[in-house]
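The values are calculated or read from the model by the stated rules, or taken from the named source; none is laboratory data. On a predicted model such as this, the values are computed, not experimentally measured, just so you know. Positions of Cβ are backbone-derived with ideal geometry, glycine not excepted, and every protein chain shown enters the neighbour counts. Just the protein is used for accessible areas: all its heavy atoms, side chains included, with ligands, DNA and RNA removed. Shrake-Rupley method; radii C 1.70, N 1.55, O 1.52, S 1.80 Å.
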Amino acid sequence: MAQVYRNLTIEAAKCTGCRMCELACSLKKEGEFNPAKSRIRAVSIPPLPFYSVVTCLQCGDPPCARVCPTAALTKDRDNGLVNLAEERCVGCMLCLVVCPFGGVFYSSEKNKVFKCDHCQGDPQCVAVCAPGCLSYTDQGPSYASLSSGVDLLSPGTSACQGCTTELILRHSLRTLGPNTIIGFPPG
Amino acid sequence: MVTVPNQVVIIGNGSAALAALEAIHSANAQIRSTVVSEEGCPAYSPTALPYLFAGRVEESQFYLRAESYYQEQNARLLLSKRVERVLPEEKKVELAGGEALEYDKLFVATGASPVIPGINGLKEVGYFVFKTLADTKALMSAAKKAKSALVLGGGLVGMDTASGLIKRGLKVTVVEKEARVLPLYFDRESSELIKRIYEENGARLITGQEAIEVVPEKGGREFSLKLSGGETLAAELLVAAVGMAPNLGLAKDSGIEVNRGILVDETMRTNLPDIYAGGDVAEADDFFGQGKLINAILPDAVAQGRVGGINLAGGEARYAGAISFNIFNFFERAAFSCGLALAEGPEYKQVKKVWPKKARFRRLVFKNGKLVGATLINEAIDPGIILHLIRNRVDLTDIMPNLEADFLNFGRYAMIKSETPEMPKGT
């Protein structure tokens, strides 16, 4: 049975660099306004007119979970999240080293890492994002709105959750071998 | 022609072995695997041992897989079994005690063991090493009663063990034969910074000298150790952390080609058909095309296990090549080095900035506009993004002017730019 996951979607073109997401996140998760404790981080690089965020993309095949030496990070197939069991984390920082997206952060206070967990299904960063850069959507609408720009089946994108279509696709490719092109309708 | 094996034997139960098992099962759930482990405990990672030693994790929260895991991967786990011989002609492995396991494909993930330095008197004095769970427990027990320790070797294991012992209240001396500590990962300047912080925490670090002889003190708990420079040191505990050597015994006797490690190609195959290897025992291609190397770090064990598992199960995968990296925590600071961090030469461009009072250090190495190596101490970074930029050979030429002002955001921007084909309007 295919699982319906919800994706935290980021549309950089809409980000204004207001950084409200950092404040909402740290308040919700740590009880204080402190961007250093936020699980979502603003990205800006003046003088370039670019704003966006980095956060855990809850990868379908998470490199962090693959390398964690105490299995503190695991992929939850029920809700699609990459879960962190804090009591198992030793702060070795290997997850930071393998995450290509800068989605995990280290707390020197606790000597442990921390990351986004979608706030139990009600992400606060999304709630406060006035420009609409951040949204929390089911997979279908995510595919529809992003299909023009992003390779949805590339490992690591949050859309790659191993759904039936994707499994058929990968099985076909494996059987037919490389140098194969499969055409299929979006969604 | 693609051959799919019916039965696979995996020698080892560490990170490479587990990654191989998962890859095999993902590739084809019909394949039946047998995992043979020399140790008697469930799978764990040696990476976690220093933290167990430091009391940061309990043994109950430390093992990597539940018992049911192996069955779920259509595998069985044999614990406390040592593989004595590999017989490639007969496609069998022989266990101590005589039992033989047949295989269609074999994955060798026997790892590495501590090198024991050839010092006179070492056996008589008694020493500790830091590699297995049993080693760690033995050291934890001994450290409770000891007041001082001497660590031979100023590499990652030596320095980690030293800071762990210091935190337990012991007086610690580290002896490193090279001119600086952590010589493989940090240059002279950054190594000096690290050394300074250890000394501020009460450690004594001696570099450029070797241990010649060690003698137990008569009637006392201490031993005395003579250095090549003439000085004699005394301590209660002796830890040998001078390096690791791949466990090659099985390979050598069976005709599997070895150099310093088991030689593998980009599919993790050895010279013998149907035999693959990965992890700390393997010598595989370097990412930068500079030959083969042993890259004994967890993420590479996982990558090699996965690639090997896919290939031996009948699929196709290539190992992109080893990029060495290390992240090293010491006394509430972090040091990170990766890739060709120490490279020098006309083809490399260095970008360096040091903040001596803050013990902050940044050294980046570029080639043709692409990042190839980095050393960072006490600097806010996303290490994974840095590696991503190296691994994907992202051309950073256009945005180099933005690096100096904010390296953290520089990395994030470069990553986002390389990941999204469409840039927002106006950029």
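Looking across region B:305-317 at every residue that is within 12 Å of chain A (Cβ to nearest Cβ) and closer than 23 Å to residue B:110 by Cβ, the one that is surrounded by the most Cβ atoms within 10 Å (Cβ to Cβ) is identified as B:305.
I'd like to check something: does region B:329-349 contain any residue that is part of a strand (DSSP E or B), at positive phi and either modelled with pLDDT of 90 or more or open to solvent by 20 Å² or more (accessible area, probe 1.4 Å) (or both)? The answer is yes; a qualifying residue exists.
Within region B:238-254, the set of residues being out of contact with any Gly (no Cβ under 8 Å at 6 or more places or on another chain) and open to solvent by 10 Å² or more (accessible area, probe 1.4 Å) comprises B:244, B:245, B:249, B:250, B:252, B:253, B:254.
The requirement of being within 12 Å of chain A (Cβ to nearest Cβ) and open to solvent by less than 80 Å² (accessible area, probe 1.4 Å) is not satisfied by residue B:364. In region B:183-200, the condition of being open to solvent by less than 20 Å² (accessible area, probe 1.4 Å), within 30 Å of residue B:376 (Cα to Cα) and without any contact (Cβ under 8 Å) to a residue 24 or more places away in the chain is met by at least one residue.
Do you know which residues across region B:57-83 are away from every other protein chain (no Cβ under 13 Å), more than 24 Å from the chain's Cα centre (by Cα) and surrounded by fewer than 16 Cβ atoms within 10 Å (Cβ to Cβ)? Hits for region B:57-83 are B:67, B:68, B:71, B:76. All told, residue A:111 meets the bar of being at pLDDT 80 or above, at the interface with chain B (Cβ under 9 Å from one of its Cβ atoms) and surrounded by fewer than 18 Cβ atoms within 10 Å (Cβ to Cβ). Being in a loop (DSSP other than H, G, I, E, B) and within 9 Å of chain A (Cβ to nearest Cβ) is the filter; apply it to region B:16-56 and report the residue that is most open to solvent (accessible area, probe 1.4 Å). Filtering region B:16-56 for residues that are in a loop (DSSP other than H, G, I, E, B) and within 9 Å of chain A (Cβ to nearest Cβ), the one most open to solvent (accessible area, probe 1.4 Å) comes out as B:56.
Against the test of being open to solvent by 20 Å² or more (accessible area, probe 1.4 Å) and out of contact with any strand residue (DSSP E or B) (no Cβ under 7 Å at 6 or more places or on another chain), the options B:96, B:100, B:134 yield a single qualifying residue, B:134. Applying the condition of being among the polar types (S, T, N, Q) and part of a loop (DSSP other than H, G, I, E, B) to region B:1-15 and asking which residue is most open to solvent (accessible area, probe 1.4 Å) yields B:6. A Cβ distance below 9 Å, combined with a sequence gap of six or more or placement on separate chains, defines the contacts here; from region B:88-110, residues that are farther than 15 Å from residue B:76 by Cα and touching a residue at least 24 places away in the same chain (Cβ under 8 Å) reach residues that are open to solvent by 40 Å² or more (accessible area, probe 1.4 Å) and of a type in the set (S, T, N, Q) in the pairs B:104/B:3; B:104/B:6; B:104/B:7; B:105/B:3; B:105/B:7; B:110/B:247.
Evaluate the following for residue B:173: is it hydroxyl-bearing (Ser, Thr, Tyr), open to solvent by 20 Å² or more (accessible area, probe 1.4 Å) and either part of a loop (DSSP other than H, G, I, E, B) or in contact with a Leu (Cβ under 6 Å, 6 or more places away or on another chain) (or both)? Considered against the rule, which asks whether it is hydroxyl-bearing (Ser, Thr, Tyr), open to solvent by 20 Å² or more (accessible area, probe 1.4 Å) and either part of a loop (DSSP other than H, G, I, E, B) or in contact with a Leu (Cβ under 6 Å, 6 or more places away or on another chain) (or both), residue B:173 comes out as yes.
Highlighted here are the strands (runs of 3 or more DSSP E) found entirely within region A:32-105 that include at least 3 residues which are aliphatic (A, V, I, L, M) and modelled with pLDDT of 95 or more: A:40-44. For region B:357-371, the set of residues classified as more than 18 Å from residue B:402 (Cα to Cα) and touching a Lys or Arg at 6+ places or on another chain (Cβ under 6 Å) is empty.
Could you count how many residues in region B:373-397 are at the interface with chain A (Cβ under 10 Å from one of its Cβ atoms), open to solvent by 20 Å² or more (accessible area, probe 1.4 Å) and assigned to a helix (DSSP H, G or I)?
The initial filter retains those residues of region B:373-397 that are at the interface with chain A (Cβ under 10 Å from one of its Cβ atoms), namely B:380-389, B:391-392.
Next cut, open to solvent by 20 Å² or more (accessible area, probe 1.4 Å) only: B:380-381, B:391-392.
Applying the additional criterion that residues be assigned to a helix (DSSP H, G or I) yields B:391.
Counting residues in region B:373-397 that are at the interface with chain A (Cβ under 10 Å from one of its Cβ atoms), open to solvent by 20 Å² or more (accessible area, probe 1.4 Å) and assigned to a helix (DSSP H, G or I) gives 1.
Once region A:82-93 is narrowed to residues that are open to solvent by 20 Å² or more (accessible area, probe 1.4 Å) and of a type outside the set (Lys, Arg), the residue that is nearest to the other protein chains (Cβ to nearest Cβ) is A:87. Could you say whether any residue in region B:19-42 is touching a Lys or Arg at 6+ places or on another chain (Cβ under 9 Å) and at positive phi? Checking region B:19-42: not a single residue is touching a Lys or Arg at 6+ places or on another chain (Cβ under 9 Å) and at positive phi.
Scanning region A:49-75 for residues that are under 26 Å from residue B:47 (Cα atoms) and open to solvent by 40 Å² or more (accessible area, probe 1.4 Å) yields A:57, A:61, A:66, A:74. Looking across B:386, B:399, one residue alone is closer than 26 Å to residue B:320 by Cβ and at pLDDT 95 or above. It is B:386. Mind listing whichever residues of region A:27-37 are open to solvent by less than 70 Å² (accessible area, probe 1.4 Å) and without any contact (Cβ under 8 Å) to a residue 24 or more places away in the chain? Residues satisfying the conditions are A:30, A:31, A:32, A:34, A:35, A:36. Which of the residues that make up region B:156-170 are of a type outside the set (Ser, Thr, Tyr) and either over 17 Å from the mean Cα position of the chain (by Cα) or open to solvent by 20 Å² or more (accessible area, probe 1.4 Å) (or both)? Listed by number, the residues that qualify are B:156, B:157, B:160, B:162, B:164, B:165, B:166, B:167, B:168, B:169, B:170.
Of everything listed in (1) more than 8 Å from chain B (Cβ to nearest Cβ); (2) surrounded by fewer than 21 Cβ atoms within 10 Å (Cβ to Cβ); (3) out of contact with any Leu (no Cβ under 9 Å at 6 or more places or on another chain), the single unmet condition for residue A:24 is (2). Under the condition of being surrounded by fewer than 21 Cβ atoms within 10 Å (Cβ to Cβ) and not charged (D, E, K, R), which residue from region B:350-361 is modelled with the lowest pLDDT? Here the residue is B:359.
Scanning region B:268-313 for residues that are farther than 23 Å from residue B:327 by Cβ and of a type in the set (Phe, Trp, Tyr) returns a single hit, B:276.
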